[in-house]
Each structure stands twice: as C-alpha cells, then as structure tokens.
Amino acid sequence: GAVVSQHPSRVICKSGTSVKIECRSLDFQATTMFWYRQFPKQSLMLMATSNEGSKATYEQGVEKDKFLINHASLTLSTLTVTSAHPEDSSFYICSASTGRHQPQHFGDGTRLSIL
Amino acid sequence: AQSVAQPEDQVNVAEGNPLTVKCTYSVSGNPYLFWYVQYPNRGLQFLLKYITGDNLVKGSYGFEAEFNKSQTSFHLKKPSALVSDSALYFCAVRDHASGGSYIPTFGRGTSLIVHP
C-alpha cells in the first residue's frame, strides 16, 4: 500500500518549454503533498507544500510563478515548470503524507533536462 | 526549530559486517524520526520510524534504529551488510511540540557503500 506514482520519469526538452509533472497517490488520500528538488549528490530541497484545494506554500527562494503547483484533489498534485531553462535541469521528487504522524511516501522522481 | 545532522557523507563497510549510519537531531518538543533509503534515479523509500514506545525500532530489509534521547541520536543499524544495501540514506525529523512544523526536515544524506 501507500504507492505514489510520479509521471513522467524523464523529460528532455528545449529551453523555453513548459513542463508538467504529475504526482498521484494511488491507494490512499493524501492530505499533504510535497515537492522537492535534488541536485547531484545533494540532499532534498523542499520547494513547496500543498494541501488539497488550497494554494501551495512555497519555501523561501522558490519562485511561485516559475514553479506552479496545483493540488486539485486528494490524490493528485501537479508541478509545472514554466518557460524552463537549463538551470532548471534537476531531479524533481514528489511525496505524499496522510498525516503528521505518518511517513512520507515518495514518487520515483522526474529527471528534467533542459537543452 | 528542528534540525537534523548526518555527520558522515559516506560510510564504507565490507559485506557481512555490521553497519551504522549516524543521525542526530534537535527539536524543541519530542521528535518524530524517520529513515529513508534512495537508490539511484529513484525516489525515497521509507525504512522505519520512531514516534513513541520502544527505543529500538525495527524496519524494512533488516534495518533497525535506536532512539537515544540523552544523546539526541537515531542511528541506523544493520547486523550484516549486503552489497545491495549500497544506497543513499536520509534521516528526517519532525517536531511533536505544539505548534511545531508538520513538515519534516531531512538530513543531507549519507552514501553507504558495501564492498564485496
């Protein structure tokens, strides 16, 4: 149980393209979803936290207009990287949680490469 | 405020030997503690958690962790390492205190390398 599906797993696109990444909790309802960015050999950098039906809470330094997060239902959150540039290339990971006492369940990540 | 430290960037151990991956934390209240493992180009997988109760927590794949309140530590251990245990390990903490953040803080990660 507690499976999180993240799609796509890999994206290669040209600079200026907008890219949407989906994160779905398949067998549970996620009260909170998290979006992380991970650089090579580095830890997770929390980008934003979202609760269903409300606006995402962005971490300091993360551009809201650049990284659009939509949490339309208890099982789906999307991250859209708008007008992506090479510096946006990274590994993006989503996770979902059912509550404060519970562990996070992670998707398998999306490798984004902007040419 | 909550924080977590993983003092070792890398741990090397021979297959069959016991392994320890260190984690220390700081919270204002009581901690919720978690260990996760990440294989290359994958998301993180939950290994085990400490919420309350026994200080020794057993988790997936033969891993266990010991909660030590006096030393504010939650080291990950396994009696006999396997080559397939080689991965990146993350410790995370969440403060149980009233008003504490519900967002966990992750350590920087420790790369475990198990040599045949």
Problem - Value of Rg to Rh for region B:9-116 (Rh from inverse mean 1/r over Cα pairs, i.e. Kirkwood) - result: 0.97
Exercise for the section: Measure off 7 Å from each Cα along the Cα-to-Cβ vector at A:Ser73 and B:Glu15, then give the distance between these two points in nanometres to one decimal. Expected result: 4.6 nm
Handout entry: Relative contact order [Cα under 8 Å, 6+ residues apart], chain B, whole percent
Key = 38 percent
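Could you give the length gained on full extension between B:Tyr39 and B:Asn55, defined as 0.36 nm per residue of separation minus the Cα-Cα distance, in nm? Kindly include the intermediate steps, with their values, before the conclusion.
Values: separation 16, 0.36 × 16 = 5.76 nm, distance 2.70 nm.
Result for the pair: 3.1 nm of gain on full extension.
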Handout entry: Per-residue HN-Hα couplings for region B:40-49 [Karplus 6.51, -1.76, 1.60; θ = phi - 60°; Hz; x = Gly/Pro]
Key = x, 6, 10, x, 8, 10, 6, 9, 6, 8
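State the percent of C-alpha pairs, over all pairs in the protein assembly as shown, separated by a distance greater than 33 angstrom.
The answer is 17 percent, as a whole percent.
What per residue convex hull volume, in Å³, do the alpha-carbon atoms of region A:1-89 yield?
On the way: hull volume 9.3 nm³, N = 89.
Convex hull of Cα atoms, per residue: 104 Å³.
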Handout entry: Isolated Cys in the protein assembly as shown, by beta carbon distance under 4.7 Å
Key = A:Cys13
Handout entry: HN-Hα J in Hz across region A:56-67 - Karplus 6.51, -1.76, 1.60, θ = phi - 60°, x for Gly and Pro
Key = 6, 9, 8, 6, 4, x, 9, 7, 5, 6, 8, 10
Completion exercise
In nm, the gap between the two label points placed 7 Å beyond Cα toward Cβ at B:Ser80 and A:Thr17 is 4.9 nm
Completion exercise
Honestly region B:63-116 on the Cα gyration tensor test (a ≥ b ≥ c root eigenvalues; a/c under 1.5 rounded, otherwise a/b vs b/c for prolate or oblate) is just prolate
Exercise for the section: Mind listing the long-range amide H neighbours of A:Ala2? Cut-off is under 5 Å, sequence gap 5 or more, other chains count too, H placed in the peptide plane at 1.01 Å from N. Expected result: A:Asp27
Fill in the blank from the handout: In whole Hz, the Karplus estimates of ³J(HN,Hα) for region B:16-33 (6.51, -1.76, 1.60; θ = phi - 60°; x where Gly or Pro) are x, 8, x, 10, 9, 10, 8, 8, 10, 9, 9, 9, 8, x, 8, x, 9, 10
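Could you give the accessible area per residue of region B:30-86, probe 1.4 Å, as a whole number in Å²? Walk me through the numbers on the way to the answer.
Details: 2780 Å² over 57 residues.
The answer is 49 Å² per residue.
Anything over 30 Å Cα to Cα? Flag those among A:Lys14/B:Lys49; A:Lys64/B:Lys58; A:Lys41/B:Lys77; A:Lys55/B:Lys22, in the order listed.
Numbers: A:Lys14/B:Lys49 41 Å; A:Lys64/B:Lys58 40 Å; A:Lys41/B:Lys77 22 Å; A:Lys55/B:Lys22 36 Å.
Among A:Lys14/B:Lys49; A:Lys64/B:Lys58; A:Lys41/B:Lys77; A:Lys55/B:Lys22, the Cα-Cα distance tops 30 Å for A:Lys14/B:Lys49; A:Lys64/B:Lys58; A:Lys55/B:Lys22.
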Practice task
Towards the positive end of the charge dipole of chain B, with charges on Cβ (+1 Lys, Arg; -1 Asp, Glu), say which of B:Ile113, B:Tyr36, B:Val13 has the farthest Cα.
Solution key: B:Tyr36
Handout entry: Segment A:Ser5-A:Thr57, extension gain: residue separation times 0.36 nm, minus the distance between their alpha carbons
Key = 16.5 nm
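Based on Cβ point charges of +1 for Lys and Arg and -1 for Asp and Glu, what charge dipole magnitude is obtained for chain A about its Cα centre, in debye rounded to the nearest 20? Mind showing how you got there, number by number?
Working: 11 positive and 9 negative charges, 29 e Å.
Rounded to the nearest 20 debye, it is 140 debye.
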Handout entry: Given charges at Cβ of Lys, Arg, Asp, Glu: chain B dipole, positive-most of B:Ser60, B:Cys23, B:Val93
Key = B:Val93
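About its Cα centre, how strong a charge dipole does chain B have in debye, to the nearest 20, once Lys and Arg get +1 and Asp and Glu get -1 at the Cβ? Please list the in-between numbers first.
Values: 9 positive and 8 negative charges, 36 e Å.
With Lys and Arg at +1 and Asp and Glu at -1, about 180 debye.
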Handout entry: Dipole magnitude of region A:62-112 about its Cα centre (Cβ charges: Lys, Arg +1; Asp, Glu -1), debye to nearest 20
Key = 200 debye
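The values are calculated or read from the model by the stated rules, or taken from the named source; none is laboratory data. Bear in mind that the values here come from a model prediction, so they are computed numbers and not experimental data. Every residue, glycine among them, receives a Cβ derived from its backbone with ideal geometry; neighbour counts consider all protein chains shown. Accessible surface is based on the protein model in full, side chains and every heavy atom, while ligands, DNA and RNA are left aside. Shrake-Rupley method; radii C 1.70, N 1.55, O 1.52, S 1.80 Å.
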